[in-house]
Structure formats: C-alpha cells, structure tokens
Amino acid sequence: MRIGILGTGNVGRALAMGWTRAGHDVVLGSRRPDDAQLRSELTSAVGDDIPVVDAAAAVAGAEVVVNATPGTASVALLAEVDAPALDGKVLIDVAVGFGEDGSLSHPLESLGEEIQRTFPDVRVVKTLCTVDARLMVAPDSVEGPSTLFLSGEDAEAKATAGALLHDLGWPSDSLLDLGGITTARGQEHYSLLFMGIAEALGSYGFGVRVVPQV
C-alpha cells in the first residue's frame, strides 16, 4: 500500500522503517521537508529510500494516512493539509496529546474523536498509542505476547489497519477491537498508567496483555 506518515519523530521513523521492510511504499510528511538538517537526521535514521515531502503531498499520494504528530498539534496540521484531500482515506491515529504539566490535552474527548468529528469523511482508526516506538514494530521484543487495541467506526478501515499491524509483526490474536471511536478515550488515558509503569520499571520496553477469565 501507499502509506503517508505525518510526523518525523521517533514514532514516524519507526513505523516508516517497519512498513518499508514489509514491502509498502512509504513517505514521511513534514512541515519542514526542505530543512537540510532534518533531512540529514532522517537519512541517518531511516536511510535514503523513504522520501520526505510536505504534509499535503504525503496525504495526496497515500491510500492510508498515519498521524504520528504531537497530539496537541494534530488537528491543526490536518486542517492545513485540506480536508477534501483526506476524504475517504483510512487515517491511523497513533498520537496522544500532553500539556506542559504532563496532563492529557484531551481529558474529556479523545484526540481520535476530535479528528473524526472534525473530518467526518475520514475513516479514523485509533491504535498503537499504548506501546512505545520500538514495540510498535517489534512486538516480539518483550517476553510473551502483548495486546494492541483498535477503536473506530468503520469496520473495513479497522481491517486495513489490522492487516498493516500484522505486517509489523502483530498476530491476529494480539489485536482487540474495542468498538467505536469513543473507546479511543481509554487508549489515550492509558498513557498515564503507561508512564507510571515505565517509571516503576525504569524502561518503556513493555506491553500489556488482556487475559480473559476462564
């Protein structure tokens, strides 16, 4: 598939490399595509095979768009891209917004919900926001299986997202469909617990597993 990833930070870079290894055609969308220093950093991080373009170009040529931008800026950036260019596309939202004090920027309505409400013709799927960048693309890097969650209104879009997660190494039995986009609130609020666990362990390298009662 043609995948346009908005955001060139650790998450965007990891996903770009993971899906490129799986054979997908990936581009990175940046607000500073002509910044020589940024291009040098990205070349060092992901190599020469992943193009860096502006956000509008990344969206225009993509079948699937991935939001890996800071959650406090995501909606504004997507609005700059131009809503009609996003219409009908699957948008995988992996972002969480934080305030300067570490609190969630979306305490009552999730970022995933805000994106869906702002761009009603986009097929938003919230996922991957409950693990760190390394585990996103290497689910076997921890002891035992982890659970990854999906939230969204469009079943076909979630199936597309699930297939792309499988290409990153996530088996089907690790994926848990939580339901509609309102369930993205739980995924984003988990980030507060995630930070607590990380501090207790001294590492971000962990997953969680949902274990049903027998």
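The values are calculated or read from the model by the stated rules, or taken from the named source; none is laboratory data. From a predicted model like this one, the values you see are computed outputs, not experimental measurements. Neighbour counts run over all protein chains shown; Cβ positions are idealised from the backbone, glycine included. Side chains are part of the model used for accessible areas, which takes the heavy atoms of the whole protein and leaves out ligands, DNA and RNA. Shrake-Rupley method; radii C 1.70, N 1.55, O 1.52, S 1.80 Å.
Based on what the data block shows, is Asp140 out of contact with any Pro (no Cβ under 8 Å at 6 or more places or on another chain), closer than 18 Å to Val208 by Cα and in a helix (DSSP H, G or I)? Spelling it out, Asp140 is indeed out of contact with any Pro (no Cβ under 8 Å at 6 or more places or on another chain), closer than 18 Å to Val208 by Cα and in a helix (DSSP H, G or I). Could you tell me whether Ser151 is of a type in the set (S, T, N, Q), over 15 Å from Gly7 (Cβ atoms) and assigned to a loop (DSSP other than H, G, I, E, B)? Against the criterion (of a type in the set (S, T, N, Q), over 15 Å from Gly7 (Cβ atoms) and assigned to a loop (DSSP other than H, G, I, E, B)), Ser151 does not qualify. In segment 123-148, of all residues being among the hydrophobic types (A, V, I, L, M, F, W, C) and surrounded by fewer than 22 Cβ atoms within 10 Å (Cβ to Cβ), the one that is farthest from the chain's Cα centre (by Cα) corresponds to Val142. Is there any pair linking a residue in segment 161-178 that is free of Cβ contacts under 8 Å to residues at least 60 places away in the same chain to one that is open to solvent by 60 Å² or more (accessible area, probe 1.4 Å) and outside any helix (DSSP H, G or I), with Cβ under 7 Å and at least six apart or on different chains, and which? What qualifies is Ser174/Pro145; Leu176/Val210.
On the given criteria, is Ile92 of a type outside the set (Phe, Trp, Tyr), more than 17 Å from the chain's Cα centre (by Cα) and under 14 Å from Arg2 (Cα atoms)? It is false that Ile92 is of a type outside the set (Phe, Trp, Tyr), more than 17 Å from the chain's Cα centre (by Cα) and under 14 Å from Arg2 (Cα atoms).
Would you be able to say whether some residue in segment 63-75 is at pLDDT 90 or above, of a type outside the set (A, V, I, L, M) and farther than 25 Å from Pro139 by Cβ? Within segment 63-75 (the criterion being at pLDDT 90 or above, of a type outside the set (A, V, I, L, M) and farther than 25 Å from Pro139 by Cβ), the answer is yes, since at least one residue qualifies.
Of all residues in segment 187-214, which are open to solvent by 50 Å² or more (accessible area, probe 1.4 Å) and over 24 Å from Gly18 (Cβ atoms)? Passing the criteria: His189, Leu192, Leu193, Glu199, Ala200, Gly202, Val211, Pro212, Gln213, Val214.
Return yes when Gly102 is modelled with pLDDT under 95, in a loop (DSSP other than H, G, I, E, B) and of a type outside the set (Asp, Glu) and no when it is not. Yes. Does Ala45 satisfy the criteria of being at pLDDT below 85, in contact with a Lys or Arg (Cβ under 8 Å, 6 or more places away or on another chain) and either aliphatic (A, V, I, L, M) or within 14 Å of Ala14 (Cα to Cα) (or both)? Answer is yes for this residue. If I filter segment 153-172 for residues that are open to solvent by 20 Å² or more (accessible area, probe 1.4 Å) and in contact with a Pro (Cβ under 6 Å, 6 or more places away or on another chain), do I get at least one hit? Yes, segment 153-172 contains at least one residue that is open to solvent by 20 Å² or more (accessible area, probe 1.4 Å) and in contact with a Pro (Cβ under 6 Å, 6 or more places away or on another chain).
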